[in-house]
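*Asks:* Below is one structure. I have some questions about it.
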Amino acid sequence: MIDPAIWPLGTSADRRGHLRVGGVDLVGLADRLGTPLYVYDAATIREAHRRYLAAFAPMRPVRVSYAIKACALRGVASILARAGADASAASLGELLAAKRAGFLPARTQLHGNAKTDDELRAALRLGVGRIVIDGADEIDRLRVLVARRARPQPVWLRVSPGIAADTHPHLQTGTLDSKFGAPIAGGDALAQCRAIAATKNLSLVGIHAHLGTQLHEAERYRELGEALVALARDVTRATGVRLKEIGVGGGLAIPLRSDDPVLDLAAYARAISEPIRADETLGKAVLYLEPGRSLVGRAGVAVYRVIGTKRVTGVRTFVSVDGGMGDNIRPALYDATYTAALAGRAAAAPTEHVAIAGKYCESGDLLIRDVALPTPERGDVLAIPAAGAYSVAMASNYNHHPRPAVALIDDGRTKVIRKRETHADIWRLER
Ligand SMILES: Cc1ncc(COP(=O)(O)O)c(C=O)c1O
């Protein structure tokens, strides 16, 4: 009943049928800390990072750079900083969050298709490791900003390989019709590499592409590896620059439900690395991986309280909970399809199919369209697994609902790593 692939490591049902994450009873935790509540298991995050290192060990040199956008909470990100990961940031805010979590700015990459001059200036001042340039315009602006530096700033160019990955259209980022990256086809990427190479104080050390997120087809990654190799060769021919780093983005899917297709980490490692390692020049380049979801997704469980049930005869049964799209927008935004369990009756057999409705004033606010559960009752604690990525990170105050508290379980101990918001917090900046 508890599928180990989608719940945090070692999740179990105890003798009373209560769900335990990291050894801690989720029902007791919900009573004590209130709901909605996000619970992260530290051991699951560490294990996910270890698995990356193990899968890519034959492909070294490799750096795992945590895409902190998946969950930038210090309590979560610092686990990966301590484990030795780099960080990949999508904004100045994330760069600062990474620093606060313990990542060295020099081991951090800054992404973004619309970095402002202020963001670029601040990143340079912080000593950001790599700026991932996205667009010819950014080269022009950086040229001015770095003109008087004593040492060149290492940069990558984000390119778009024209590969449509097997995911929701909103989650694709490697296609030609994308706001991200310079298209390889047609020569934009090469032209921009030339422009960077010709710019004083910019040092083109790498190229980067990210296909999208929740991907599970090895072949797309292999195509990406091949496309980056071909471009790197062209760059060397055109500019004489031998690229030392290849950024392959993140995107590896995690299962949200038991029957979700996933790509085995070792198969992913082979698909993305083999074309690069087979190349004479790039054989020794550092391969930068940027996983977000696959490092923290499985570690996080969303915990809600059932508010009530509405049975619409002949249609479906809506079980309403005290959270929803304000703490997890992904079902509404990307059709993300989760499953759930009743934390107080984790061992009981399902008795009916229900929809889990959020409390936000939108018909699209359905956390789950269809899940088989023991008939939920008012007051039950409902837990949604695999909710650790892009949920809290995308949380909003829509309908003026305060954002949930977040707890971390580490070595049997529970720590609140983000307090529950209050209404006063929501109003704090209003004048
Ligand atoms: C540039 C970049 N790298 C890495 C990631 C992480 O992706 P994921 O969380 O699917 O591993 C993202 C997220 O979309 C991204 O935009």
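Just so it is clear, none of the values below were taken in a lab; they were calculated from the coordinates. Since this is a predicted model, take the numbers as computed values, not measurements. Glycine gets a Cβ as well: all are built from the backbone with ideal geometry, and neighbour counts include every protein chain shown.
*Asks:* If we count every other residue with Cβ under 11 angstrom of Thr317's Cβ, Lys/Arg +1 and Asp/Glu -1, where does the sum land? Intermediate values should be presented prior to the final figure.
*Replies:* Numbers: positive: Lys310, Arg311, Arg316; negative: Glu352, Asp370.
Here the charged neighbours net out to +1.
*Asks:* Roughly what % antiparallel, to the nearest 5, for the DSSP beta bridges in the chain? Don't skip to the answer; put the middle values down first.
*Replies:* Details: 31 of 68 bridges.
Rounded to the nearest five, the antiparallel share is 45 percent.
*Asks:* If you don't mind, another one. Rounded to whole Hz and in sequence order, give me ³J(HN,Hα) for segment 41-56 from the Karplus expression 6.51 cos²θ - 1.76 cosθ + 1.60, θ = phi - 60°, writing x for Gly and Pro.
*Replies:* Here the 3J(HN,Hα) series is 10, 4, 4, 5, 5, 4, 5, 4, 5, 4, 5, 4, 4, 5, 5, 9 Hz.
*Asks:* Here is a follow-up. Give the calculated FRET efficiency between Val416 and Arg16 to the nearest 0.05, with a Förster radius of 22 Å applied to their Cβ-Cβ distance.
*Replies:* Working: r = 24 Å, r/R0 = 1.10.
My answer for the efficiency is 0.35.
*Asks:* Continuing with this model, one more query. Can you tell me the dipole magnitude for segment 42-292 around its Cα centre, using point charges on the Cβ only (Lys, Arg +1; Asp, Glu -1), in Debye to the nearest 20? If you can, show how the numbers build up before the last one.
*Replies:* Details: 34 positive and 26 negative charges, 278 e Å.
Roughly 1340 debye, rounded to the nearest 20.
*Asks:* Would you calculate the convex hull of the Cα atoms in the chain and tell me its volume per residue in Å³?
*Replies:* Working: hull volume 61.9 nm³, N = 431.
It comes to 144 Å³ per residue, whole-number rounded.
*Asks:* Quick one: net charge of Thr422's neighbours, Cβ under 15 Å, K/R +1, D/E -1? Intermediate results must be reported in sequence, preceding the final value.
*Replies:* Values: positive: Arg403, Arg418, Lys419, Arg420, Arg428; negative: Glu421, Asp425, Glu430.
Taking every Cβ under 15 Å from that of Thr422, the sum is +2.
*Asks:* Ile368's amide H: which non-local residues (gap 5+, or another chain) put their own amide H closer than 5 Å, with H modeled 1.01 Å from N in plane and none for Pro or chain starts?
*Replies:* Close amide H contacts, sequence-distant or interchain: Ile356.
*Asks:* Let me ask something else about it. Might you report the magnitude of the Cβ-based charge dipole of the chain about its Cα centre, with Lys and Arg at +1 and Asp and Glu at -1, to the nearest 20 debye? Walk me through the numbers on the way to the answer.
*Replies:* Details: 57 positive and 45 negative charges, 323 e Å.
Taking the Cα centre of the chain as origin, the dipole is about 1560 debye.
*Asks:* Rounded, prolate or oblate: which one fits segment 220-295, using the alpha carbon gyration tensor with axes a ≥ b ≥ c (rounded when a/c is under 1.5, else prolate when a/b beats b/c, else oblate)?
*Replies:* Working: a/c = 2.97, a/b = 2.56, b/c = 1.16.
Taking the square roots of the gyration eigenvalues as a ≥ b ≥ c, segment 220-295 is prolate.
*Asks:* Give me the extension gain from Arg148 to Glu274: residue separation times 0.36 nm, minus the current Cα-Cα distance, reported in nm with one decimal.
*Replies:* Numbers: separation 126, 0.36 × 126 = 45.36 nm, distance 4.01 nm.
Stretched fully, the Arg148-Glu274 segment lengthens by 41.4 nm.
*Asks:* Go ahead and set up a Gaussian network model of the chain, Cα springs under 10 Å, then flag whichever of Thr44, Thr35, Thr116 fluctuates most.
*Replies:* The residue that fluctuates most here is Thr116.
*Asks:* Further, regarding this structure: How many nm separate the modelled label positions at Asn399 and Ser363, each set 7 Å beyond the Cα in the direction of the Cβ?
*Replies:* 1.6
*Asks:* Still on this structure, please answer the following. Mind listing which GluC sites (Glu not before Pro) in segment 331-431 are in a DSSP loop and have 13 or fewer other Cβ atoms within 10 Å?
*Replies:* Numbers: sites: Glu352, Glu362, Glu377, Glu421, Glu430; in loops: Glu362, Glu377, Glu421, Glu430.
When the GluC sites (Glu not before Pro) of segment 331-431 are filtered for loop state and at most 13 Cβ neighbours within 10 Å, Glu362, Glu377, Glu430 remain.
*Asks:* OK, next. Apply the a/c threshold of 1.5 to the C-alpha gyration tensor of segment 24-65 and tell me whether it is rounded, prolate or oblate.
*Replies:* Prolate is the answer for segment 24-65, as a/c is 1.5 or above and a/b outweighs b/c.
*Asks:* Rounded to the nearest 500 deg cm²/dmol, what is the calculated helix-only ellipticity per residue at 222 nm for the chain, with -39500 (n - 2.57) per DSSP H run of length n ≥ 4?
*Replies:* On the way: 12 runs with 122 residues, N = 431.
Counting only the DSSP helices, I get -8500 deg cm²/dmol.
*Asks:* Given H placed 1.01 Å from N in the peptide plane, which residues other than close sequence neighbours of Leu9 have an amide H under 5 Å from its amide H?
*Replies:* Thr44
*Asks:* For segment 287-431, count the residues as N, evaluate 2.2 N^0.38 Å, and divide the Cα radius of gyration by that value, please. Mind dumping the intermediate values first?
*Replies:* Values: Rg = 16.1 Å, N = 145, 2.2 N^0.38 = 14.6 Å.
So the Cα radius of gyration is 1.10 times the expected 2.2 N^0.38 Å.
*Asks:* In addition: List the lysines whose Cα sits under 30 Å from the Cα of Lys179, skipping any in the same chain fewer than 8 residues away.
*Replies:* Within the straight-line cut-off, Lys179 pairs with Lys69, Lys99, Lys115, Lys200, Lys244.
*Asks:* Another one. Mind listing the long-range amide H neighbours of Arg418? Cut-off is under 5 Å, sequence gap 5 or more, other chains count too, H placed in the peptide plane at 1.01 Å from N.
*Replies:* Result for Arg418 returns Val406.
*Asks:* Find the relative contact order for segment 42-292 and round it to a whole percent, using C-alpha pairs within less than 8 Å whose residues are 6+ positions apart. Provide the component values of the computation, followed by the final result.
*Replies:* Details: 513 pairs, mean separation 48.0, N = 251.
Once divided by the residue count of segment 42-292, the mean separation gives 19 percent.
*Asks:* Given an 8 Å cut-off on Cα distances and at least 6 residues of separation, report the relative contact order of segment 19-131 as a percent.
*Replies:* On the way: 132 pairs, mean separation 20.7, N = 113.
Relative CO of segment 19-131 lands at 18 percent.
*Asks:* Can you tell me how much longer the chain between Asp31 and Ser258 gets when fully stretched, taken as 0.36 nm per residue apart minus their C-alpha distance, in nm with one decimal?
*Replies:* Length gained, Asp31 through Ser258: 78.9 nm.
*Asks:* Here is a follow-up. With θ set to phi - 60° and the Karplus curve 6.51 cos²θ - 1.76 cosθ + 1.60, what are the ³J(HN,Hα) couplings of segment 406-420 in order, to the nearest whole Hz, using x for Gly and Pro?
*Replies:* 10, 10, 10, 9, 9, 6, x, 9, 10, 10, 6, 9, 8, 5, 5
*Asks:* Gap in Å between the Cα centre of segment 414-431 and the Cα centre of segment 48-108?
*Replies:* Segment 48-108 and segment 414-431 have Cα centres separated by 26 Å.
*Asks:* Take the Cα pairs of segment 184-227, get the Kirkwood Rh, then feed it into Stokes-Einstein at 10 °C and 1.306 mPa s and tell me D in µm²/s. It would help to have the intermediate numbers written out before the result.
*Replies:* Numbers: Rh = 12.5 Å.
For these conditions, the coefficient is 127 µm²/s.
*Asks:* Okay, next question. Taking the Cβ of Arg305 as the center, what net charge do the other residues with Cβ under 12 Å away carry, scoring Lys and Arg +1 and Asp and Glu -1?
*Replies:* Numbers: positive: Lys359, Arg378; negative: Asp31, Asp322, Glu377, Asp380.
With Lys, Arg at +1 and Asp, Glu at -1, the neighbours total -2.
*Asks:* Kindly write out, for segment 220-229 in residue order, the coupling ³J(HN,Hα) from the Karplus curve 6.51 cos²θ - 1.76 cosθ + 1.60 (θ = phi - 60°), rounded to whole Hz, with x marking Gly and Pro.
*Replies:* 5, 5, 5, 4, 5, x, 5, 5, 5, 4
*Asks:* In cubic angstrom, how much convex hull volume per residue do the alpha carbon atoms of segment 42-292 span? It would help to have the intermediate numbers written out before the result.
*Replies:* On the way: hull volume 28.9 nm³, N = 251.
For segment 42-292, the hull spanned by Cα atoms encloses 115 Å³ per residue.
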